[in-house]
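All remarks here apply to the structure that follows.
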Amino acid sequence: MPEEEQWFSTDGLNVTMVKDPDVEVSDAELREAFRSHPELAALENWVASFSALDQHGLNRSRRSTGIFERDRYVNPVGVWDQFRVARDASLNDDIVSGLLEATESLAFNKIRVECGDEDEENVWDQILRDIKLDLRIREIWRDLYIYSQSYVASFWRTKQYRVEGFGDQRRRRKTMRLNVPSDLTLLDPLKVLPVGDFLFDRERLVYVANKAEGPKIADAVAGRNTTDQVIAQLIVGKYVPDTTELGLLQEAVGTAERGFFDNLFELNPQLVWRHTLTRSAYERFAPVHMQSIFELLDLKHQLRQNDRAHLLGATNFIVVVKKGSDAHPATSGEISNLQNNVRMVARTPVIVGDHRLDIEIVTPNLDTTLDPKRYNNLDSRITARLAQILHIGGFSAGASGDDSLKLTRVIARGIESRRQMIKQQLERKVLDPIFEMNDELKFRPKLEFTPRNVALDFDPNFLQTIRELYQSGDLSRETMLGIVDHDQEEEAHRREVEAEQYDDIFEPREQTQGQQGARLGGNQNGGGDNPDSRVSNPKPRRNDNDTPEDDRRDNKE
């Protein structure tokens, strides 16, 4: 009797092979022969995709890799797996990736420092340029959007700065020798773990090194490798969790692989810090805000695969050729002859037959395939969640009953709020340490964004109010120009150039009072800033020699 031998078993799926003891074939040769068979090889790969462990030992059974990826956006338990799903969505979903890029471009344009002293402000701008803060702040925004937490590291050095700028600043050429960060960088959220006591901001951050990184980092920390000064500065030493904390870390990450936490290294809290979305003090990680749309993304993904299956079915249609009827059934000879004829002329669009011949093309019903109405409900809810729009009742972003003006203001306020939290963290972790470590800096810095407000709609009343506040002396010119995204120093320099070189060329031409009124918002009879507009129903001038004063006197009469 042939004997059966099980050669792999996963998740209850058993595949067996049958070996005849009379045949001189080794087990290895037999297994290799089975594996080379296309159908069996495909089955093995499909089963392995449900049970494989990744490089971190995390169970990837929820992530099938088949043609339809049915479990692509199923909500996982481990926070690092949630990070991976969120990252996948930010790369592949059109709504999620589009909102990420749109909010990033709306939130940040220009960044500068204000401290009340022109020379120091100029030096601060050079420091921000050196550490590429405009780029790093966008990276922080992306990490917060995807993972809800970001980890920032800095490397410090001593550098001399010379005041740059226009006018008196350029002539003074003041210099400062400062201890500043040479650059900022972001760490992979899948490589950093918060540990220790989270109450009262006493948490610590550890770097999770793999087996290849562990010995190199240990040598750099111990001083055996002096070439890598970055690691020696960023890492304090090795971190060994106790049994209780080890269990908590395994539960948080979602792995119990032996040796996964053997290479933990504590990061220098003075140089490495994290910024998260709103998180309670007792929580190890901030909740992944994209987690609330995983089910919506899963529904959208299944809807897309459904439409894809229909489209594939339409391109691989079935042709049914029938011969005969109930009154005149086809004979076996006719069917055989028809089969041969169709096989021969299948590539020719002409088939000849009698009235009993019937040809049908069988395809799926494509009436609702790629119907936008089926996607709008899901896309509107995803947009409402990620753009932080109020979702009331059955209405959301893009619904027929929404108020676009109010929705844009809600979006702008949400972007400003998140941007403000990043600003405060950068001041606390980057600008304030620079100020405290350098006695040459006399004025505490403050980070400012330009434009100060995120405006998604045009409000002429708001701009008119800003202008009136400036004219009344309640608002500075710098603030007013900042609201409309202009820098006062640059504008002053441009005005100086214009006054010296171009004002004589662009001299205003003489205009009549009516032309001035029309230019200022009125018409030939008044309006705008034309003084005649302040008189109701102004009378026409009696002749061309009358002055505006004569016209106003006539109107009073």
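Below is a table of values for the structure above.
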item: Point-to-point label distance, Met437-Asn92, nm (Cα→Cβ direction, 7 Å offset); result: 4.3
item: Amide hydrogen neighbours beyond the local backbone of Lys322, cut-off 5 Å, H modeled; result: Asp358, Ile359, Glu360
item: Gained length - Glu251 relative to Ser332, 0.36 nm times residue gap less alpha-carbon distance; result: 22.2 nm
item: Positive-pole candidate from Val253, Leu178, Val236, dipole of the range 177-254, charges at beta carbon; result: Leu178
item: 28 Å Cα-Cα reach of Lys373 towards lysines, excluding residues that sit fewer than 8 places from it in its own chain; result: Lys300, Lys406
item: Set of lysines near Lys238 by C-alpha distance (under 16 Å), chain-local residues within fewer than 8 positions excluded; result: Lys191, Lys211, Lys216
item: D (Stokes-Einstein, µm²/s), Kirkwood Cα radius, the range 130-245, 0.890 mPa s at 25 °C; result: 141
item: Per residue value of the accessible surface for the range 146-297 (all protein chains in place, 1.4 Å probe), Å²; result: 52
item: Label-to-label distance, nm, for residues given as Glu468 and Ser325 (7 Å Cα→Cβ offset); result: 8.7
item: Cross-link partners of Lys446 among lysines (Cα-Cα below 22 Å; sequence separation of 8 or more within a chain); result: Lys110, Lys132, Lys159, Lys174, Lys423, Lys429
item: FRET efficiency estimate (nearest 0.05) - Cβ-Cβ, Lys110 to Asp459, R0 30 angstrom; result: 0.90
item: Net charge of Cβ neighbours under 10 Å - reference Ile293; Lys, Arg +1; Asp, Glu -1; result: 0
item: Apportionment of accessible area to carbon and sulfur, the range 187-318, percent (1.4 Å); result: 54
item: Where labels lie 7 Å past Cα in the beta-carbon direction, separation of Lys373 and Val342 in nm; result: 3.7
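The values are calculated or read from the model by the stated rules, or taken from the named source; none is laboratory data. Note that the structure is a prediction, hence the values are computed from the model and not measured. Every residue, glycine as well, gets a Cβ built from its backbone with ideal geometry; the counts of neighbours run over all protein chains shown. Surface areas here come from the heavy atoms of the whole protein model, side chains and all, with no ligands, DNA or RNA. Shrake-Rupley method; radii C 1.70, N 1.55, O 1.52, S 1.80 Å.
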